[in-house]
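Novice: Here's a structure for you.
The values are calculated or read from the model by the stated rules, or taken from the named source; none is laboratory data. On a predicted model such as this, the values are computed, not experimentally measured, just so you know. Cβ placement follows ideal geometry from the backbone for every residue including glycine, while neighbour counts extend to all protein chains displayed. Ligands, DNA and RNA are excluded from the accessible area calculation, which covers all protein heavy atoms including side chains. Shrake-Rupley method; radii C 1.70, N 1.55, O 1.52, S 1.80 Å.
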Amino acid sequence: VLFYEVSVGSVDFVIEQLVNGLTLGSLYALSAIGLALVVGVLRLINFAHGDLFMVGAYVFFLARLGGTMPYWAAGLATVLAMIPLGYLFERTIIERVVDKSWRVQLIATLAVSIILVNAFIAYWGLNPKMAPTFYSSQFLQYGIVRVAAQRVIVFVVAPLAFLVFAAFLQYTRTGRAMRAMSQNREACLMVGIDPHRIAGVTFAISTGLTGLASVLVVPLYSVFPTMGTLLTFKALAAVIMGGFGQIQGTLVAAYLLGVTESLAAGFISSSYADLVAFGVMILTLLVRPQGLFGRKVGI
Amino acid sequence: MRRLAWLLPLAVFLVALPALIRTGAPGIANYLLNNFAIQSLTWIALALSYDLSVGHAGTVSLAHPAFIGIGAYTAAVLTTRLGTPFLFNVLVAVVLVGAVALLVSIPFFRLSDVFFAIGTLGFASMAQIVAVNWEAVTRGALCITQIPRPGAGLGPVAFQVSNLTGFYYLILLITVLTVAVYLAVTTGRAGRALAAVRGDEQLAQAFALNPLVYKVLAFVVGAMLAAVVGVFEAHHVSVVCPETLGTFFTLNLLVIVFVGGVGTLRGVILGAVLFTVIPELARFAQTQAQLVYGVGLLLVVLYAPDGVEGVLAKVLRRARARTSLWRQSDDSKPREP
């Protein structure tokens, strides 16, 4: 399991596990669709994706440090800081490797991951930090279900973000250009789409989504430099299960993964919960490489 | 063979090294032996075993820590429970890891490129989870401790490692063995086949080479060599923990192989020595060292894809061209990573 729970509603065990699973699923989904977007548009796997989530978590922690900034403002500040960061990351590093072999891409993004993790360990140390909000300790009661208000915020904001994201891809010029690039890069050049601009925007959105993930779940969990490493693999698992680079499939796979992991942790053993995720990922790779919901092209 | 002429003086130097250290700097001899000499040789052996699949088969496996770890745990469990000798542990570990690597490689090599990397990463992560949680065998986070020093009794050829010099010669032997296997796999017929497979799989098939056979060969032999080092580490450090299987091991190996020069014997050896010596001399803390490695890896992969070996080969070529106009340079062209 990824994180220690800060607050757990003491209710019916199954519902509790489901609520945990949906929270975890929201985290995986927000991270995984950003990763899937990059995979779909740029044909590149960003192994530092989870570490960008970690950076977002620290940004949020800093924004909340004095306790003066309200939750929504700190959240907005975090997302707004993460978007240009993603753009900068693309311009400085990804742009140099995007046309090179997958080996160079793998190693460059792994190197960025090592750099980020160790820079944060050097500066902040390994001790977990907490950034709870007022809503982390407020509970809502529906019959026998008692849920932390923060989780309700997650359940409301995450789907909203997915809707906005889907609308962006479907209806805006840039969104359409991104879908076009995921289908045929060469043809994009012919119709006047600038791949460099689209690559930058893709990373900005991808990183912005991880920033939103940090804002939503960090109040429930703790913040530490290595928190992103496992998340990268979990998001990758969801991306692979969802059909490499497909947004909708990835979304469903991420929630499936979150709930399955939570139930496995609750009913079997928390120590083996991660085994489920990796096992399912490997099985998907071997048996259904087109993903659980198999569709052939495009994001 | 002239290309390998530098190996001979290096071997002589390495055999004489403990004596040199003990006479030259008796006060800090143990420190030098342990932190520089043994450490460098361990990384050389591991990095060469890793380079077989990364540099020569062209497949990036991220499962290497699992093989090191399985080797180490095999030795630890056998020797603490049954008191088996070192050579027996090596034998069991090599057979076991070879079998595991073979079982893993056959389905995974159906995956292309980056999916192979992801699949092996999944395998390595699962192996570590098992090492943490299978407490009946591995004692989990408590680690297996008090692994005795290596010894083997076979009448007149009995040996017992009793000090650091003993460990040094043992790892030197393992490293020499690794170099020999590395050369056997990467030169001659197998080496040419690997180069063909790495260059263009379809073209290799057209020449009746089965790419799968050579990829599996490099992968499994690399895993078996890693297992030997794992057994050595278990006896040397005398403790085996689940961290032995940590994925950061892969990152270190990638740093060594790519900064040194992927697919080249001299480059990988140089990389391993630099990797050991620089942080030790600079007195880096673990985190600082990792930070420097990360930056180094990124810079190399972006700006000098042939690593230190690429730069060195260029310098040597120029020097040779200056001294002898008629002699053709025979340094093999460095490869794209």
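Novice: Sort out which residues of segment B:1-19 are open to solvent by less than 90 Å² (accessible area, probe 1.4 Å) and either touching a residue at least 40 places away in the same chain (Cβ under 8 Å) or in a helix (DSSP H, G or I) (or both), and write them in order of number.
Specialist: So the first thing to find is which residues in segment B:1-19 are open to solvent by less than 90 Å² (accessible area, probe 1.4 Å), and the list is B:4-7, B:9-11, B:14-19.
B:4, B:6, B:7, B:9, B:10, B:11, B:14, B:15, B:16, B:17, B:18, B:19 - these are the residues of segment B:1-19 that are open to solvent by less than 90 Å² (accessible area, probe 1.4 Å) and either touching a residue at least 40 places away in the same chain (Cβ under 8 Å) or in a helix (DSSP H, G or I) (or both).
Novice: Here's another thing I want to ask about it. Out of the residues in segment A:265-290 meeting the condition of being surrounded by 15 or more Cβ atoms within 10 Å (Cβ to Cβ) and away from chain B (no Cβ under 12 Å), tell me which one is farthest from the chain's Cα centre (by Cα).
Specialist: Per the stated criteria, the residue is A:266.
Novice: Right, here's the next one. For segment A:208-229, enumerate the residues that are polar (S, T, N, Q) and over 20 Å from residue A:156 (Cα atoms).
Specialist: Within segment A:208-229, the subset polar (S, T, N, Q) is A:210, A:214, A:222, A:226, A:229.
If the condition is that a residue be polar (S, T, N, Q) and over 20 Å from residue A:156 (Cα atoms), then A:222, A:226, A:229 are the ones that fit.
Novice: Scan segment A:103-120 residue by residue and report those that are polar (S, T, N, Q) and within 7 Å of another protein chain (Cβ to nearest Cβ). Steps first, please.
Specialist: Of segment A:103-120, the ones polar (S, T, N, Q) are A:105, A:109, A:113, A:118.
Result: A:118, single match.
Novice: Go through segment A:144-168 and report how many residues are among the aliphatic types (A, V, I, L, M), surrounded by fewer than 19 Cβ atoms within 10 Å (Cβ to Cβ) and either free of Cβ contacts under 8 Å to residues at least 24 places away in the same chain or within 23 Å of residue A:210 (Cβ to Cβ) (or both). Break it down stepwise before answering.
Specialist: Here is the first cut: in segment A:144-168, the ones among the aliphatic types (A, V, I, L, M) are A:144-145, A:147-149, A:152-154, A:156-158, A:160-161, A:163-164, A:166-167.
If we keep only those that are surrounded by fewer than 19 Cβ atoms within 10 Å (Cβ to Cβ) too, we end up with A:144-145, A:149, A:152, A:156-157, A:160, A:163-164, A:166-167.
Narrowing the set further to residues that are either free of Cβ contacts under 8 Å to residues at least 24 places away in the same chain or within 23 Å of residue A:210 (Cβ to Cβ) (or both) leaves A:149, A:152, A:156-157, A:160, A:163-164, A:166-167.
Matching residues across segment A:144-168 total 9.
Novice: Okay, moving on. When the residues of segment A:99-118 are narrowed to those that are surrounded by fewer than 18 Cβ atoms within 10 Å (Cβ to Cβ) and not hydroxyl-bearing (Ser, Thr, Tyr), which ends up nearest to the chain's Cα centre (by Cα)?
Specialist: The residue in question is A:102.
Novice: While we're looking at this one, here's another question. Keeping to segment B:28-64, report how many residues are open to solvent by 10 Å² or more (accessible area, probe 1.4 Å), more than 15 Å from residue B:169 (Cα to Cα), hydroxyl-bearing (Ser, Thr, Tyr) and away from every other protein chain (no Cβ under 14 Å).
Specialist: So the answer is 1.
Novice: Still on this structure: Tell me whether segment A:133-144 contains one or more residues that are β-branched (Val, Ile, Thr) and either over 17 Å from the mean Cα position of the chain (by Cα) or closer than 23 Å to residue A:258 by Cα (or both).
Specialist: First, the residues of segment A:133-144 that are β-branched (Val, Ile, Thr): A:133, A:144.
Right, trim to either over 17 Å from the mean Cα position of the chain (by Cα) or closer than 23 Å to residue A:258 by Cα (or both) and you get A:133, A:144.
Yes, segment A:133-144 contains a residue that is β-branched (Val, Ile, Thr) and either over 17 Å from the mean Cα position of the chain (by Cα) or closer than 23 Å to residue A:258 by Cα (or both).
Novice: Follow-up. For segment B:302-324, name all the residues that are open to solvent by 70 Å² or more (accessible area, probe 1.4 Å) and within 11 Å of another protein chain (Cβ to nearest Cβ).
Specialist: Kept after step one, since they are open to solvent by 70 Å² or more (accessible area, probe 1.4 Å), are these residues of segment B:302-324: B:303, B:311, B:314-315, B:317-318, B:322-323.
Within segment B:302-324, just B:303 meets the criteria.
Novice: For segment A:194-237, what are the residues that are within 14 Å of another protein chain (Cβ to nearest Cβ) and in contact with a Pro (Cβ under 9 Å, 6 or more places away or on another chain)?
Specialist: We begin by selecting, within segment A:194-237, every residue within 14 Å of another protein chain (Cβ to nearest Cβ); these are A:224-226, A:228-237.
Within segment A:194-237, just A:224 meets the criteria.
Novice: If a residue has to be within 28 Å of residue A:125 (Cα to Cα), open to solvent by 20 Å² or more (accessible area, probe 1.4 Å) and more than 14 Å from every other protein chain (Cβ to nearest Cβ) to count, how many in segment B:251-301 make the cut?
Specialist: Result for segment B:251-301: 7.
Novice: Taking segment A:121-132 on its own, how many of its residues are within 11 Å of another protein chain (Cβ to nearest Cβ) and open to solvent by less than 40 Å² (accessible area, probe 1.4 Å)?
Specialist: 2
Novice: Based on this model, can you work out whether residue A:252 counts as modelled with pLDDT of 85 or more, open to solvent by 30 Å² or more (accessible area, probe 1.4 Å), of a type in the set (Val, Ile, Thr) and closer than 26 Å to residue A:43 by Cβ?
Specialist: Against the criterion (modelled with pLDDT of 85 or more, open to solvent by 30 Å² or more (accessible area, probe 1.4 Å), of a type in the set (Val, Ile, Thr) and closer than 26 Å to residue A:43 by Cβ), residue A:252 qualifies.
Matching residues to (1) more than 9 Å from every other protein chain (Cβ to nearest Cβ); (2) aliphatic (A, V, I, L, M):
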| position | (1), (2) |
| --- | --- |
| B:100 | yes, yes |
| B:108 | no, no |
| B:114 | no, yes |
| B:120 | yes, no |
| B:128 | yes, no |
| B:135 | yes, no |
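Novice: Which residues, counting only those in segment A:186-211, are open to solvent by 50 Å² or more (accessible area, probe 1.4 Å) and touching a residue at least 40 places away in the same chain (Cβ under 8 Å)? Don't jump to the end; show me each part of the working.
Specialist: Taking segment A:186-211 first, the residues open to solvent by 50 Å² or more (accessible area, probe 1.4 Å) are A:186, A:189-192, A:194, A:196-197.
A:196 - this is the single residue of segment A:186-211 that is open to solvent by 50 Å² or more (accessible area, probe 1.4 Å) and touching a residue at least 40 places away in the same chain (Cβ under 8 Å).
Novice: Only one of (1) in a helix (DSSP H, G or I); (2) within 30 Å of residue B:122 (Cα to Cα) fails for residue A:188. Which number is that?
Specialist: (2)
Novice: If I go through segment A:46-72 residue by residue, how many of them are modelled with pLDDT of 90 or more and not in a helix (DSSP H, G or I)?
Specialist: Number of matching residues: 3.
Novice: From the set of residues in segment B:222-250 that are of a type in the set (Phe, Trp, Tyr) and either more than 26 Å from residue B:91 (Cβ to Cβ) or at pLDDT below 85 (or both), which is most open to solvent (accessible area, probe 1.4 Å)?
Specialist: Taking segment B:222-250 first, the residues of a type in the set (Phe, Trp, Tyr) are B:232, B:248-249.
The next check asks that each one be either more than 26 Å from residue B:91 (Cβ to Cβ) or at pLDDT below 85 (or both); those that pass are B:248-249.
Values: B:248: 86, B:249: 35 Å².
Taking the candidates together, the pick is B:248.
Novice: Just give me the residues in segment A:73-99 being within 14 Å of chain B (Cβ to nearest Cβ) and either hydrophobic (A, V, I, L, M, F, W, C) or under 15 Å from residue B:299 (Cα atoms) (or both), in sequence order.
Specialist: Listed by number, the residues that qualify are A:89, A:92, A:93, A:94, A:95, A:96, A:97, A:98.
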